[in-house]
Amino acid sequence: MQGSDPSLSETIAKSFTENTLDAVKDIAKENGVTAKTAEKVVKHSAEVIARTVEVLTTNSGIEVNEAKADYDKGIAEAEHDSVKEAEIKAAFDARQKQIRENLQQQISEQVTAAVHEQTQKAAENVLQQAEEKKKNTVEDDVRARLRGFARTIPSFLMAYGTTKTTLADFDTTISDSVFIEVTGITLDQFRTLRDQYHFFDQVVFDESCQEFLRKRADLADYFDESHDEDIFDYIPPQKTNQIFTPKKVVKMMLDKLEEENPEIFSDPDKTFADLYVKSGLYLTEIVKRLYVGLAGQIPDPHERLKHILEHQVYGFAPSEIIYHIARNFVFGFDDAVKDIDDSHIVFLDTTPYARGEGDFEAKCDELFGKGDLK
């Protein structure tokens, strides 16, 4: 662990690029921005993520060097006293272990946050350049709004859809504030387009909704390893910050976490939190690994799942629609979860707390009980 780890930073940056570039290119294409511009934006974001990893590993390397210097000094001062040398070596080994654990935790937390942030910024940068080129004619604005609305339909269905959802009642379960936040148009404008101008083909709209909902049901069981896709593959990138972290990135990061701490998913007292939920993919992947890792300690499958969901995983969703999406995804795979407390996934934007505005620990005590989230 001497200095930075270029292989780790390059691997994470490369994975981010591979799993984000196409989505950003799609957004760029739809908004009149060149693919080359999208590539530059994603490259910059990947470099930011790589620098985050490099800083963490470099700082960790400095700590190791300092620990080694203290160890060498202690050994010299021990003057061949075997008891003292053994004590010094034990302290050095414990210090090294703590440094590794700290690095593992920092990478898990800070790289996750960086991926969330840079995914959002990449989309925002492309959209900003698109806005600079866009001519604000009435016709262009209407068409852009309709395209944007069409892209949001799967998100709304993921959050609020039922097997009976149709064009006629699509607007009945959504608040106006959420609707305009995601689509850029109000519910009244949607109703005018639907009822007065008949912009939507009801048969096509209804069948498209049902097709997505059937796919959501088919892919609901995230424990089923036969699935080579997930429902978020069917939700287009949004023109807000609602861009879901690809499953490949999720698995790669948790693989790295488990590599650094092989016992992490077999500890029934360990808690995990996604501080800025976008889909629930991080949480479900953690649940799956805990479910396997705790099989020996909690043999009963239902009790094991209940323990994991009620005592080990927490999620903070930054918006109302993401809250519903994540909760439906995490708890929607089986009727067996109906008696499991789902209160550990909450609607709370943690961004202000990250800026130092408010006491996050006190807020967690208020939400979950004192000391529940360790």
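The values are calculated or read from the model by the stated rules, or taken from the named source; none is laboratory data. No experiment lies behind these values; they were computed from the predicted model shown. All Cβ positions, glycine included, derive from the backbone under ideal geometry; neighbour counts span all protein chains shown. With ligands, DNA and RNA removed, areas are computed over all heavy atoms of the protein, side chains included. Shrake-Rupley method; radii C 1.70, N 1.55, O 1.52, S 1.80 Å.
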Only residues that are touching a Leu at 6+ places or on another chain (Cβ under 8 Å) and surrounded by fewer than 17 Cβ atoms within 10 Å (Cβ to Cβ): list them for segment 60-108, please.
-> none
What is the one condition in (1) touching a residue at least 12 places away in the same chain (Cβ under 8 Å); (2) open to solvent by 20 Å² or more (accessible area, probe 1.4 Å); (3) over 26 Å from ILE12 (Cβ atoms) that CYS209 does not satisfy?
-> (2)
Residues located in segment 169-206, provided they are open to solvent by less than 20 Å² (accessible area, probe 1.4 Å), in contact (Cβ under 8 Å) with a residue 40 or more places away in the chain and either part of a helix (DSSP H, G or I) or more than 24 Å from PRO318 (Cβ to Cβ) (or both) | VAL178, VAL182, PHE190
Of the residues that make up segment 13-22, is at least one in a helix (DSSP H, G or I), touching a residue at least 60 places away in the same chain (Cβ under 8 Å) and more than 17 Å from MET252 (Cβ to Cβ)?
-> no
With respect to GLU10, determine if the residue is part of a helix (DSSP H, G or I), loosely packed, with under 14 Cβ neighbours inside 10 Å and within 23 Å of the chain's Cα centre (by Cα).
-> no
For segment 267-281, does any single residue satisfy the condition of being touching a Gly at 6+ places or on another chain (Cβ under 9 Å) and of a type in the set (Gly, Ala, Ser)?
-> yes
From the list ALA38, ALA76, ALA90, which residue is in a helix (DSSP H, G or I) and at pLDDT 90 or above?
-> ALA90
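For segment 266-333, please list each of the helices (runs of 4 or more DSSP H) lying entirely inside it that holds at least 2 residues being within 20 Å of the chain's Cα centre (by Cα), more than 19 Å from TYR222 (Cβ to Cβ) and in contact (Cβ under 8 Å) with a residue 24 or more places away in the chain. Walk me through how you get there before you give the answer.
Working: elements: 281-293, 301-311, 320-331.
It comes to 320-331.
Applying the selection to segment 192-244, what residues are of a type in the set (Lys, Arg) and either under 29 Å from the mean Cα position of the chain (by Cα) or modelled with pLDDT of 90 or more (or both)? Let's see the steps before the verdict.
Step one: filter segment 192-244 for residues of a type in the set (Lys, Arg), giving 194, 214-216, 239.
Correct list: ARG214, LYS215, ARG216, LYS239.
Could you list, in sequence order, all residues of segment 286-309 that are among the aliphatic types (A, V, I, L, M) and under 18 Å from VAL250 (Cα atoms)? Explain how you work it out, then say what you get.
Taking segment 286-309 first, the residues among the aliphatic types (A, V, I, L, M) are 286-287, 290, 292, 294-295, 298, 305, 308-309.
Residues satisfying the conditions are ILE286, VAL287, LEU290, VAL292.
Scan segment 222-245 and give yes if some residue there is of a type outside the set (Ser, Thr, Tyr), within 28 Å of LYS121 (Cβ to Cβ) and without any contact (Cβ under 8 Å) to a residue 24 or more places away in the chain, otherwise no. Break it down stepwise before answering.
Quick first cut of segment 222-245, residues of a type outside the set (Ser, Thr, Tyr) only: 223-225, 227-233, 235-239, 241-244.
Imposing the further condition that a residue be within 28 Å of LYS121 (Cβ to Cβ) reduces the set to 229-233, 235-239, 241-244.
Those left that are additionally without any contact (Cβ under 8 Å) to a residue 24 or more places away in the chain: 229, 233.
Yes - at least one qualifying residue is present in segment 222-245.
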Would it be correct to say that ALA354 is more than 21 Å from LEU254 (Cα to Cα), modelled with pLDDT under 90, open to solvent by 40 Å² or more (accessible area, probe 1.4 Å) and not acidic (Asp, Glu)?
-> no
